[in-house]
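> Pasting in a structure now, in structure tokens, and then I'll have a few things to ask.
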Amino acid sequence: MSETANYWRNTARTRLSRRRFGGGAAAAIFLAACGGNQSDGGGAAKDKSSLVEAPKDTTKQAKRDGILKDRTFSDAPSLSTSTGARNFLNPMSGKTNNALLHTKPGIMKPIDSSVIEGSLAESYEWAPDGSQVTFKLRPGVKWHNKPPVNNRALDVDDVLLTWERFTKNNTARAEVVNALNPNAPVLSLTATDVRTLVLKLKEPVIYVLNYFSKANGSGGLLIAPKETDTGWDHRGDMIGTGPFVMTKYTPSVGFTFKRNPDYWDKDEAMVEQIDLPIIPEYASALAQFKAGNIYSMGNNGSPQVSQDDILSVKKDEPRILIYEDDLKAFLEARIMSFGWLPDGKAPFADERVRQAVSMSYDRDLYLETFHNVKRLGAEGLNVETRWNSHVVAVEQGLWLDPKGKDFGANAKYFQHDLTEAKKLLAAAGYASGIKDVPASQVAGNELPSAKHAEVINGFVRELGITSKVNLIDYVKEYQGPYRNGKGQWEGWLYGTDLGGGAGDVVSGLANNYWSKGATAAFRGFSASGKNDRSGDPQLDALIEKARIERDGQKLKTVVYDIQRYLAKAMYLIQPPGAATGFTMAWPCLQNYRLVRRDTQYLVDHLWVDNTKAPFKA
């Protein structure tokens, strides 16, 4: 049974208290089988302090010889760091490789993705007119002590050859390289001496540095050794300058990493070894976690303990600690992208149909259920929920709250209102609804979305739009004609947010909605409703303004205007929203939740105290 199936089998144990259900609310009925919102005890909420552990900085007491036992849920299809914009094929690369820059870590708080600082580049400096950026390489950086590099020093040729591979192979290259796209920002990257690199730009695009950093979970330009081009097979091994060295990888079995003794930040890697067995099934991983064979879940790209299991795990094993987690989206939640075929007849070419579909979403019900809000709250574990606009709610600096007073009139298109939605559908010529719309989703586990899709299809069914599930192959169909097809298919698609090889808000908006970006992520719409993929001139102008706005307050104003505009245009529909939640770890895992990094695959500052549970009671 798949990880997804196990996860939903667990959540189906609970029940949703009926808040609004009418006799035929199909989506609500399905949600009732998926989540639980009632307190086990039915009494008053408990004091949160009795259940939630506060993060503590125990770095000064750290014992650095421990073995961190964790889990990952799949093999890496490739160990290369050279091809994917976000290195989805190689989720382990955050342990072994560095970029020139990284987002400043958050200490007991989420990161601020707008603050970039040096990594392999010790420092960087913008020219006053924004025409170039100068990087100074960090002195004394060494490659891992593995052949063919054998602990040699990092040099500018490593960076330049990595950049050359990026321009030829990386899936984000058209977003970045001006020679491939006249609207892309980077003219060149060159070295002026053994420590100095100069990045020349067409214009001062504000997110350009994110392509050279591990920002917001994206891979960025992870620097690989120049030997990659002289016979070393980077698809089957990892060599980097990062805090850990991969010493063993057995497909279908697991990974082993050792601390890099030459890493410059001595407090980033604080365990001697990381053991990562491959445990595909959530239920099996949870059993191993409760038995003390895994010290936490979720550090390596695999799901955390689900919100429906937090209380039962605590009941079964009271020694395991509960920590507050940051705002995040539900694992399976996917964007609804519209298809513009049949040409000239696609119902979704009419913005009123798209608006109506959005208004069929019951965002509060969805969030309350999938994030187990009421049941956790009744136990003193309070969960905050937020609706996504066309900027996801985790991006707190630039996100505009659709429930807030500042959003304006177009906020109504996020409200659950079937009566008004049906009026819009009728005005568009579909008073009797629309039948058998293809609803495409990936058939396998590469992009799990089945339960999310089933719920959303149910919401839309209440509007009068029925769908037929179209299962597609991830490699042959999703990665080609659907994900990159600019809407040249029928119905709607559940997929990922393709925006942002740079991993930030503005590049995400540009990739998805800017017709001049020449990226595979552009959604292919046209403001006229014609299937000519010409985009929307008014939206293009707003995005072009945001791309080069260096004043933070002015940028916020423009991005807010983009969100208000997209609320009406509704060229795609983001998942309902995001929520805070809770995560769990054994007491032996010290410094847990202390440091937030720009990638979920690091184990920054963690150390193992073998005087605490599960080692000792």
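Values quoted throughout were computed directly from the atomic coordinates according to the rules given, and no laboratory measurement underlies them. Remember, predicted model here, so these are calculated numbers, not experimental data. Note: ideal-geometry Cβ built from the backbone for every residue, glycine included; neighbour counts use all protein chains shown.
> Please find the FRET efficiency linking residue 60 to residue 496, where r is the Cβ-Cβ separation and R0 is fixed at 41 Å, and quote it to the nearest 0.05.
That pair, residue 60 with residue 496, gives E of 0.50.
> Here is a follow-up. Can you pull out the trypsin sites (Lys or Arg not before Pro) in segment 251-339 whose DSSP state is coil and whose Cβ has at most 11 other Cβ atoms within 10 Å?
266
> Add -39500 (n - 2.57) for each DSSP H run of 4 or more in the chain, then divide by its residues: what number comes out at 222 nm, to the nearest 500 deg cm²/dmol? Mind showing how you got there, number by number?
Values: 15 runs with 142 residues, N = 617.
Dividing the helical sum by the residues of the chain leaves -6500 deg cm²/dmol.
> Here's something else I'd like to know. Among 114, 448, 311, flag the residue with its Cα farthest along the positive direction of the charge dipole of the chain, charges on Cβ as +1 for Lys/Arg and -1 for Asp/Glu.
Projecting each Cα onto the dipole axis, the largest value belongs to 311.
> Run through segment 515-617 and list the chymotrypsin sites (Phe, Trp or Tyr not before Pro) located in a DSSP loop whose Cβ has at most 15 other Cβ atoms within 10 Å. Could you put the intermediate results ahead of the total?
Values: sites: 522, 525, 560, 565, 571, 582, 592, 601, 607, 615; in loops: 522, 525, 571, 592, 601, 615.
Taking segment 515-617 and a limit of 15 other Cβ atoms within 10 Å, the loop chymotrypsin sites (Phe, Trp or Tyr not before Pro) found are 615.
> Given Cβ point charges of +1 (Lys, Arg) and -1 (Asp, Glu) and nothing else, what value in debye, to the nearest 20, does the dipole of segment 57-202 about its Cα centre take?
440 debye
> What is the extension gain from residue 160 to residue 202, computed as 0.36 nm multiplied by their sequence separation minus the C-alpha to C-alpha distance, in nm to one decimal?
This chain segment gains 13.2 nm when fully extended.
> Could you estimate the translational diffusion coefficient of the chain from the Stokes-Einstein equation, with Rh from the Kirkwood formula over C-alpha pairs, at 25 °C and 0.890 mPa s, in whole µm²/s? Walk me through the numbers on the way to the answer.
Values: Rh = 25.4 Å.
Once the numbers are plugged in, D ends up at 97 µm²/s.
> To continue, here is another question. In terms of the Cα gyration tensor, with a ≥ b ≥ c the square roots of its eigenvalues, is segment 76-229 rounded because a/c is under 1.5, prolate because a/b exceeds b/c, or oblate? Please report the intermediate quantities before stating the final value.
Values: a/c = 1.25, a/b = 1.20, b/c = 1.04.
Rounded, since a/c falls under 1.5.
> Using 0.36 nm times the number of residues separating residue 237 and residue 193, minus their current alpha carbon distance, what extension gain do you get?
Net length gain for the segment: 12.8 nm.
> Determine, for 423, 554, the number of other Cβ atoms within 10 Å of each Cβ, and report the residues in order from fewest to most. Display every interim value, and only then the final one.
Working: 423 15, 554 12.
So the ranking, lowest neighbour count to highest, is 554, 423.
> Please state the shape class of segment 302-456: rounded when a/c is under 1.5, otherwise prolate if a/b exceeds b/c and oblate if not, all from the C-alpha gyration tensor.
Values: a/c = 2.45, a/b = 1.76, b/c = 1.39.
Cα axes put segment 302-456 in the prolate bin.
> If you don't mind, another one. Can you give the net charge of the other residues whose Cβ lies under 13 Å from the Cβ of residue 407, counting K and R as +1 and D and E as -1?
For residues surrounding residue 407, the net value is +3.
> Report ³J(HN,Hα) in whole Hz for each residue of segment 266-276, in order, from the Karplus equation J = 6.51 cos²θ - 1.76 cosθ + 1.60 where θ = phi - 60°; Gly and Pro get x.
Going residue by residue, I get 6, 9, 7, 9, 10, 10, 6, 8, 10, 9, 10 Hz, with x marking Gly and Pro.
> Here's a follow-up. With +1 on the Cβ of every Lys and Arg and -1 on the Cβ of every Asp and Glu, and nothing else charged, how large is the dipole of the chain about its Cα centre, in debye rounded to the nearest 20? Provide the component values of the computation, followed by the final result.
Values: 77 positive and 71 negative charges, 178 e Å.
The dipole of the chain has a size of about 860 debye.
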